[in-house]
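Colleague: Below is a structure I'd like to ask you about.
The values are calculated or read from the model by the stated rules, or taken from the named source; none is laboratory data. Being a predicted model, the structure only gives us computed values, none of them experimental. As a convention, Cβ positions derive from the backbone with ideal geometry for all residues, glycine included, and neighbour counts pool all protein chains shown. Side chains are part of the model used for accessible areas, which takes the heavy atoms of the whole protein and leaves out ligands, DNA and RNA. Shrake-Rupley method; radii C 1.70, N 1.55, O 1.52, S 1.80 Å.
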Amino acid sequence: MKTVSPFLELESGPRVKVILDDVALSLPQGANLAAALLAAGVPVFRDTPISGAPRGPFCMMGACFDCLIEIEGTTRQACMIEVTDGLEITRIHHDEALA
Amino acid sequence: MTRSDLAIIGAGPAGMAAAAQAAELGLCVTVLDEQPRAGGQIYRDVDRVAPLRGDILGAEYTYGATLTASLKHSAITHLAGAIVWAIEDQFRISYTRDGRGAQLDADHVLLATGALERPMPLPGWTLPGVMTAGAGQILLKQSGVLARDAVLVGSGPLLYLIAAQMVRAGTPPKAMIETQTRSDFISAAQHMGGALRGWRYLAKGLKMLASITRAGVPRYTSATDIAVQGTDKAEAVSFISNGHTQRITCDTVFLHHGVVPNVQAARSLGIAHTWDAAQQCFVPKRDEWGQSDKEGVFIAGDSAGIGGAKAAEYAGTLAALQIAFAAERLTREDRDRCAAKLRAKLAHEQAARPFLDAAYPPYAQALLPDDSTVICRCEEITAGDIRGYAKLGCIGPNQTKAFGRAGMGPCQGRYCGLSVTALLADARGQTPDETGYYRIRPPLKPVTLSELAGMEVTTPDAVH
Ligand SMILES: Cc1cc2nc3c(=O)[nH]c(=O)nc-3n(C[C@H](O)[C@H](O)[C@H](O)COP(=O)(O)OP(=O)(O)OC[C@H]3O[C@@H](n4cnc5c(N)ncnc54)[C@H](O)[C@@H]3O)c2cc1C
Ligand code: FES
């Protein structure tokens, strides 16, 4: 799941623990969640309900809805949320084969 | 419920300048923006970010702090993180903030919702790792996150700006695959006169190009047949440039071929739009002050037609003058005196546009993609599906919804609307104006039940 990140982080501030599908990640506190996940080497955020194709953030400005993830049972746009301590994130899988 | 003289949707240059001008003239203003901090796209998060990486982003970015400072005026309420999802008559604005729905009333509304990147459907554009170039820039601006090995694909000044910023940050793009051709440049030359009046932009463009070349970034021009390859994520970009087939491996692809007005809010109000052939997009109809055909609703900045950040600032100020005049806070003479200076600056700002529009046209194969290319990312509808609907007699974008689910996903056509119009117009031999665009209905963004449950609802007026 986690690969070497294609992204580089310029700053190193305090980090907090976030759970992504049962895996603990250490992400920069207050950072944009989508950016922090990409920088942590998570390229795929969900798969599509129709073909099960993988998707990751596309616009980073709240317009495309490709970055949808689930937090406390609610589907939300990762690019519109900030990282907080103890955040529990579930990636939405429609196609179990990809899970 | 609170009532403002003016509610502004969008805290970019247009919205911030309008707020400052209106507040100065004595109006009570509320500014709503879904982003956590003011700035809009160009000056995103400038107050927090300028001290961290203002050097990489440049003086044109840090300038935005003068505008965000003006929001501190006591007559301005800035509701950050407020997602506006409905604007109803005379004017009640519904929004979600901190997970709760809320409403406010205003006598006038200014839509300053900015631009979106023009959809660039090409094979593989839905793969993880493929993002808009603006998204790449947002990662850098807001988060200090940089792609190590990105390939930039497309055309336009913003593509060069982002490449130049990546160079300055020490992670130059792996390559630039550019779609504009020499003949685009030659046809753009006829607009050179205007461009020279806007010579600062040209000089800036040449400086950016020089820095990209100096950093050793390979540039491939006149690119066609561009496809992103990969199974679960982007692995390479293939294309043909000047007769040669090329393939560049990479894990990040940034696409861009211009920006187009974000018309969701204006469309939801039923405001009339017309096709702008030079900019290849729909623009809302407005009068010389930016007022739409719906009285009391003004539109300024890139959501009214692409003009850039400075033009957005002037247009926002112009709208505020007229709104203050309508609210009897400004005499006609004072309004016109202030407006004359602004209009001169606006004209100067717009001088270089025709040149830029002609020199960096959209990538033709993404305007009318191959049948197998997905155009509606949400519902995974292909260009071939839309052509098929046209054959079955589908006459316009709203009818496509009877054939399939194009435009019915959560993005509400933001990244397929123009493609659907173009494909139908092409198939039926019509103009984009004749073909039309999706009808947009509120909510502009999905609203959850819990957000609605938290909402204080007051009945509008007891007596009608
Ligand atoms: C991704 C991107 C990056 C760009 N980067 C640059 C750049 O670096 N330099 C440059 O010169 N130009 C850039 N541009 C072009 C840009 O459009 C203009 O320069 C300028 O930002 C336009 O100003 P504006 O005030 O019209 O809109 P914007 O600055 O885009 O501001 C619009 C604001 O409206 C808000 N908004 C929209 N809809 C809603 C809603 N429903 N509810 C609440 N808030 C809403 C948005 O969050 C946004 O903050 C960029 C454009 C895009 C799309
Ligand atoms: S990446 Fe487009 S909405 Fe989040």
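Colleague: Based on Cα coordinates alone, diagonalise the gyration tensor for the range B:368-435, multiply each eigenvalue by 5, take square roots, and list the semi-axes in whole Å, largest first.
Modeller: Value: 16, 12, 11 Å, ordered largest first.
Colleague: Rounded, prolate or oblate: pick one for the range B:305-450, where a ≥ b ≥ c are the square roots of the eigenvalues of its C-alpha gyration tensor, a/c under 1.5 means rounded, and failing that, prolate if a/b is larger than b/c, else oblate.
Modeller: Prolate, since a/c reaches 1.5 and a/b exceeds b/c.
Colleague: Starting from the Cα of B:THR448, step 7 Å along the direction of its Cβ; do the same at A:THR75; then give the gap between the two resulting points in nm.
Modeller: Between B:THR448 and A:THR75, the label points sit 1.2 nm apart.
Colleague: Please report, in debye to the nearest 20, how large the charge dipole of chain A is about its Cα centre when each Lys and Arg carries +1 at its beta carbon and each Asp and Glu carries -1 there.
Modeller: 180
Colleague: Using Cα positions and a limit of under 27 Å, work out the lysines in reach of B:LYS445, with same-chain residues fewer than 8 apart set aside.
Modeller: Result set, ordered by chain and number: B:LYS141, B:LYS285, B:LYS294, B:LYS401.
Colleague: Another question about this same structure. Compute the Cα gyration tensor for the range B:145-299, then decide on rounded, prolate or oblate, letting a ≥ b ≥ c be the square roots of its eigenvalues: rounded whenever a/c is under 1.5, prolate when a/b is larger than b/c in the other cases, and oblate in all that remain.
Modeller: Here the range B:145-299 falls in the prolate category.
Colleague: Determine the dipole magnitude for the range B:119-257: charges of +1 sit on the beta-carbon of Lys and Arg, -1 on that of Asp and Glu, nothing else is charged, the reference point is the Cα centre, and the result goes in debye to the nearest 20.
Modeller: 660
Colleague: Something else about it: Given a 1.4 Å probe and every protein chain left where it sits, what share in percent of the accessible area of the range A:6-90 is carbon and sulfur?
Modeller: 49
Colleague: Let me ask something else about it. Quote the charge dipole size of chain B about the Cα centre in Debye, to the nearest 20; the model charges only the Cβ of Lys and Arg (+1) and of Asp and Glu (-1).
Modeller: Magnitude of the dipole: close to 1000 debye.
Colleague: Right, another one. How much of the DSSP beta bridge set in chain B is antiparallel, as a percent to the nearest 5?
Modeller: Roughly 50 percent of the DSSP beta bridges within chain B come out antiparallel.
Colleague: Moving to a separate point now. Using a 1.4 Å probe and counting only protein heavy atoms, arrange A:HIS93, B:HIS256, B:HIS273 so the residue with the most accessible area comes first.
Modeller: Descending accessible area places them as A:HIS93, B:HIS273, B:HIS256.
Colleague: Hey, another quick one. If you take the accessible area of A alone plus B alone and subtract the pair, what total do you get in square angstrom, rounded to 100, with a 1.4 Å probe?
Modeller: 3400
Colleague: Another one. At 7 Å along the Cα-to-beta-carbon direction for both A:SER51 and B:ARG100, put a label point, then send me their distance in nm to one decimal.
Modeller: A separation of 4.3 nm, rounded to one decimal place.
Colleague: Say the dipole of the range B:234-382 comes from +1 at the beta carbon of Lys and Arg and -1 at that of Asp and Glu; which of B:GLY308, B:SER238, B:ALA324 then lies farthest toward its positive end?
Modeller: Result: B:ALA324.
Colleague: Now for a separate question. Could you give the C-alpha radius of gyration of the protein assembly as shown expressed as a fraction of 2.2 N^0.38 Å, taking N as the number of residues it contains?
Modeller: Normalised by 2.2 N^0.38 Å, the Cα Rg of the protein assembly as shown equals 0.93.
Colleague: Roughly how far apart, in whole Å, are the Cα centres of the range B:155-188 and the range B:385-464?
Modeller: Centre-to-centre distance over Cα atoms comes out at 33 Å.
Colleague: Could you pull out which residues in the range B:420-459 have an amide N less than 18 Å from a spot 7 Å beyond the Cα of B:ARG3, following the Cα-Cβ vector?
Modeller: B:457-459
Colleague: Give me the Debye-computed log₁₀ of I(q)/I(0) at q = 0.06 Å⁻¹ for chain B, equal point scatterers on Cα only, no solvent, two decimals.
Modeller: The calculated log intensity ratios at q = 0.06 Å⁻¹ are -0.26.
Colleague: Among the helices of chain B (complete DSSP H runs), which have Cα atoms covering no less than 24 Å along the helix axis and a Kyte-Doolittle mean of at least -1.0?
Modeller: B:309-326
Colleague: If you don't mind, there's one more thing I want to ask. Is the range B:51-154 best put as rounded, prolate or oblate by its Cα gyration tensor, with a ≥ b ≥ c the root eigenvalues, rounded for a/c under 1.5, and otherwise prolate when a/b is larger than b/c, oblate when not?
Modeller: Verdict is oblate for the range B:51-154.
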